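A short write-up of the structure that comes next.
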Amino acid sequence: MIGLPPIVVVATLGVAWFAGLWVIASIYFYWQWRHYTRQSWGISRACRGKDPSARYDDVWLDQAIFYAIPVFRIIARSAEQHPTFIGMELWSVPVPPVLATVSGYIAFALLAVWLAGRARAAAEGRLAIVRTMYMLTHLAIFFLAYIGTSDITPGWLMINI
């Protein structure tokens with residue numbers, strides 16, 4: 001915990017001591033997907049700034065699809081109600097499975113629209129190749145981590161790496 005403000009260390013240890021490690025694991029479970037998505041979005045924006053072809057990209061759609069797969073999967077993971085995460089007890093928000101299904105349909109509809117836009121841009125010779133490849137790898141990793149694994153811990157590890 002080197003580099004953390006002492007209040008953060010004390011608060012974390014206090015929560016773990018008085019409430020239990022499940023609170024830390026549960027907070028981290030929800031924090032980590034947002035953190036990694038946000039961090040990846042920042043890298044995507046840096047790629048966009050270096051590619052003149054990216055000026056044609058629809059930033060709203062790019063951001064919507066960038067978050068759609070991770071949001072869909074965190075909702076779906078919540079609906080699955082996994083009992084543990086990284087070896088610790090986990091509490092997750094109770095989500096009706098139908099909400100996970102609807103969010104999946106929305107995510108894949110956005111993905112289809114985004115892919116059609118990428119195909120159109122390629123046909124017109126204005127595809128931002130580096131940014132498109134970066135976004136595809138982001139989507140693939142989140143897809144594999146959250147859909148290709150049934151256990152949430154290896155999925156979390158996949159996103160970390």
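Bear in mind that the values in this text are calculations on the coordinates, not laboratory data. Values in this document were obtained by computation on a predicted structure and should not be read as measured data. All Cβ positions, even for glycine, are placed from backbone atoms using ideal geometry, and neighbour counts span all protein chains on display.
Packing here is the average count of other Cβ atoms within 10 Å per residue, and on that basis the peptides 3-10, 132-139, highest first, run 132-139, 3-10. In this Cβ point-charge picture (+1 for Lys and Arg, -1 for Asp and Glu), the range 1-123 has a dipole of about 360 debye about its Cα centre. Restriction of the trypsin sites (Lys or Arg not before Pro) in the range 107-161 to DSSP coil positions whose beta-carbon has at most 10 other beta-carbons within 10 angstrom yields no sites. Helical content alone sets the calculated 222 nm signal of the chain at -25500 deg cm²/dmol, taking -39,500 (n - 2.57) per DSSP H segment of four or more residues and averaging over every residue. Here the gap between TYR30 and ASP58, fully extended at 0.36 nm per residue and compared with their Cα-Cα distance, gives a gain of 7.3 nm. How high is the FRET efficiency from ILE7 to THR153, r the C-beta distance, R0 22 Å, rounded to 0.05? Once rounded, the FRET efficiency stands at 0.15.
Using a/c under 1.5 as the rounded threshold, could you call the range 15-104 rounded, prolate or oblate? The axes a ≥ b ≥ c are square roots of the C-alpha gyration tensor eigenvalues, and prolate needs a/b larger than b/c, oblate otherwise. Oblate, because a/c is 1.5 or more while a/b does not exceed b/c. Once both labels are positioned 7 Å from their Cα atoms along Cα-to-Cβ, the gap between GLU80 and ARG38 label points is 2.4 nm. Ranking TRP22, THR12, LEU136 by Cα position along the charge dipole of the chain, where only Lys, Arg, Asp and Glu carry charges on their C-beta atoms, puts LEU136 farthest toward the positive end. The Kirkwood hydrodynamic radius of the chain, based on inverse pair distances between different Cα atoms, is 17.4 Å.
In the range 21-160, Cα pairs under 8 Å separated by at least six residues give a relative contact order of 32 percent.
Hydrophobic long helices, here whole DSSP H runs in the chain with Kyte-Doolittle means of at least 0.5 and Cα atoms spread over 30 Å or more along the helix axis, are found at 59-80, 97-123.
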